[in-house]
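> Handing you this structure, nothing more for now.
The values are calculated or read from the model by the stated rules, or taken from the named source; none is laboratory data. Note that the coordinates shown come from a computational prediction; the quantities given were computed from them, not determined experimentally. Here Cβ is always computed from backbone atoms with ideal geometry, including for glycine, and neighbour counts include all displayed protein chains.
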Amino acid sequence: MQTPTEPLSPAAHTTEGLDRSWGELGRPGGWWNGHERIQIAREVRSARGCPLCSARREALSPQWVDDQSHAVASDLSEPVVELIHRIATDPGRLSRRWFDEAMAGGMRPEELVEITSIIGVVTLADTLARALSQPERPLPGATPGEPHRQVVPETKTERAWVPTVEPGKAEGMLKMLYDQVEAEAGFVFNVARALTAVPEAVRDFFMAFIPNYSTHGDVRSGGLDRTQVELLASSTSAWNDCFY
Amino acid sequence: MVTGQAANKDGGVACGDVLRRYAEAILGPDADVVKARSECIAALGEDSTVQAASIVASFDGINRVADATGISLDPETSAGGGEQIIRELGYEELGAARS
């Protein structure tokens, strides 16, 4: 038994998935190369200490604060840095208008989906590290290569701003994810569809997410009961002003 | 079990108050996460504290996925216990104050 103030280690079954997900950060994805993906991860971390993001979060509307610059930690373009910082630090006030403006600026929905997956993985890993007083994971090196830039067929834009694949149309990796979610939850919850326009984005985020989270079905023996899990999830969403 | 007893801000959940404080300490940049974690270990043990950390971290990640993609809420989720817990903890006011 450790003393209460010592760091705790994450559960082994959660570490494996996060390790694999983390390893993918530096590899070419669907729409960003390995170098760009690492730069995106770097910006997620920079956003937490960004004075502009902090001022915006305190303001009644983020648009009212525009007299400062972001704390930039990469060579990504200004619109991409802006998008990463907003998602990382003020997700609860993202709107359809924000999404439309990002797309009007020339970004593809698939590019946003992949960015979002990276933000999700880095946020999960760093929040877990803080919770257990562990050091943040060092970012992996970038692997050379180009993203495949293949548009997934059979997508619809019905349940989200971004295109998604319906479970009945899913194949390969996506079908495996949907089958796993349905087996555990009894139905395919919508957020499982959110990243399906980029199969690698789905794989990388849910490889980290699924072992760390369980509210549906049996919770691990001897662990938290379902209502305690629901309370933690609801408290986190409320803190983030997230409806989900 | 959700009982509707919100007087102790625990949402009617066993050790809910301790878990809520740990979640807020994890997410709050200036909070004393070590103190909140120690309290959680004392109430629930190390394994459950680690599990609580995993759940907060995973939801902190998936909140961004949901918000950035504009995914709609499932009827099954909105009918579940989450909204009730948010009401009982008084988090509706927190969200309104920030928006």
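> So for segment A:97-112 (the condition being at pLDDT 95 or above, at the interface with chain B (Cβ under 10 Å from one of its Cβ atoms), under 16 Å from A:A47 (Cβ atoms) and in contact with a Cys (Cβ under 7 Å, 6 or more places away or on another chain)), does at least one residue qualify?
No, segment A:97-112 contains no residue that is at pLDDT 95 or above, at the interface with chain B (Cβ under 10 Å from one of its Cβ atoms), under 16 Å from A:A47 (Cβ atoms) and in contact with a Cys (Cβ under 7 Å, 6 or more places away or on another chain).
> Are any residues in segment B:14-36 part of a helix (DSSP H, G or I) and at the interface with another protein chain (Cβ under 7 Å from one of its Cβ atoms), and if so, which ones?
Scanning segment B:14-36 gives B:G16, B:L19, B:R20, B:A23, B:E24, B:I26, B:L27, B:V33, B:V34.
> Going by the structure shown, is A:T15 in a helix (DSSP H, G or I), within 11 Å of another protein chain (Cβ to nearest Cβ), surrounded by fewer than 18 Cβ atoms within 10 Å (Cβ to Cβ) and in contact with a helix residue (DSSP H, G or I) (Cβ under 9 Å, 6 or more places away or on another chain)?
yes
> Kindly provide the set of residues from segment A:20-37 that are touching a helix residue (DSSP H, G or I) at 6+ places or on another chain (Cβ under 9 Å) and either part of a helix (DSSP H, G or I) or at pLDDT below 95 (or both), ordered by number.
Within segment A:20-37, A:R20, A:S21, A:W22, A:E24, A:E36, A:R37 meet the criteria.
> Another one. Can you report the number of residues in segment A:155-183 which are of a type in the set (D, E, K, R) and closer than 19 Å to B:L73 by Cβ?
Residues that pass the stated criteria total 5.
> Output the residue which, of all residues in segment A:165-190 that are in contact with a Ser or Thr (Cβ under 8 Å, 6 or more places away or on another chain) and within 12 Å of another protein chain (Cβ to nearest Cβ), is farthest from A:W32 (Cα to Cα).
Top of the filtered list is A:F189.
> Mind telling me which of the residues A:L60, A:L52, A:L76 ends up being assigned to a loop (DSSP other than H, G, I, E, B) and out of contact with any helix residue (DSSP H, G or I) (no Cβ under 7 Å at 6 or more places or on another chain)?
A:L60
Residue by residue, here is whether (1) out of contact with any Phe, Trp or Tyr (no Cβ under 7 Å at 6 or more places or on another chain); (2) closer than 16 Å to A:D90 by Cα; (3) among the hydrophobic types (A, V, I, L, M, F, W, C) holds:
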{"residue": "B:I26", "(1), (2), (3)": "yes, no, yes"}
{"residue": "B:D32", "(1), (2), (3)": "yes, no, no"}
{"residue": "B:C40", "(1), (2), (3)": "no, no, yes"}
{"residue": "B:G45", "(1), (2), (3)": "yes, no, no"}
{"residue": "B:Q51", "(1), (2), (3)": "yes, no, no"}
{"residue": "B:S58", "(1), (2), (3)": "no, no, no"}
{"residue": "B:V65", "(1), (2), (3)": "no, yes, yes"}
